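Some notes on the structure that comes next.
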Amino acid sequence: MIKIASKMALLAVAGGILSAPAFAAAPVVQSVKPDAPRQCFDLNNMRTRMVIEPDSLLIEDGFGKYVLLKLTAPCRNIDELDRIGFEFNGSTQVCSRTDVKILHSRNTEAPLRCLIDTMTPLTKDEAKVYMTPKPKAQ
């Protein structure tokens, strides 16, 4: 009886292994280029933080790398005078938009937690465009 049960189990396992490629025929689409290096930003050594739009932060880390963070609601109306902080998920290295939450508060309000919608690495020249003051309309 034990020999029959073990033979049936062996056939079931072998049948599952042999039929696995039929289910894995669909190609997997990658959202990131396989040869693209992963860029991380060290917010523990943050050098610059600027609100460039009501829903965007420009951050420069201590190594001179820039990142543009677009925020989700309720942080779609931030101001340079608001209190802005970070809540890290693990280390202070931010490599993806899920590694950190933005804390935002005005005056004495309790801070709101906001997620990052997009995280765009920028070159120094691209960041300078955002840091240049826009002329005021008269």
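Assorted remarks:
- Looking only at segment 57-75, residues that are part of a loop (DSSP other than H, G, I, E, B) and over 14 Å from Val94 (Cα atoms) come to 5 in all.
- If only residues of segment 83-108 that are of a type outside the set (Lys, Arg), more than 27 Å from Gln39 (Cβ to Cβ) and touching a strand residue (DSSP E or B) at 6+ places or on another chain (Cβ under 9 Å) are counted, the one that is modelled with the lowest pLDDT is Asn107.
- The residue that is nearest to Arg76 (Cα to Cα), among those in segment 87-138 that are touching a residue at least 24 places away in the same chain (Cβ under 8 Å), of a type in the set (A, V, I, L, M, F, W, C) and not in a strand (DSSP E or B), is Leu115.
- Residues in segment 49-74 that are surrounded by fewer than 12 Cβ atoms within 10 Å (Cβ to Cβ) and either touching an Asp or Glu at 6+ places or on another chain (Cβ under 8 Å) or at pLDDT 90 or above (or both): Pro54, Phe63, Gly64.
- Residue in segment 99-116 that is under 19 Å from the mean Cα position of the chain (by Cα) and among the polar types (S, T, N, Q) present: no
- Evaluation of Asp79 against the conditions (1) charged (D, E, K, R); (2) touching an Asp or Glu at 6+ places or on another chain (Cβ under 8 Å); (3) loosely packed, with under 15 Cβ neighbours inside 10 Å shows that the sole unmet condition is (2).
The values are calculated or read from the model by the stated rules, or taken from the named source; none is laboratory data. Nothing here was measured: the structure is a model prediction, and the numbers come from that model. Virtual Cβ from ideal backbone geometry, glycine too; neighbours counted across all protein chains shown.
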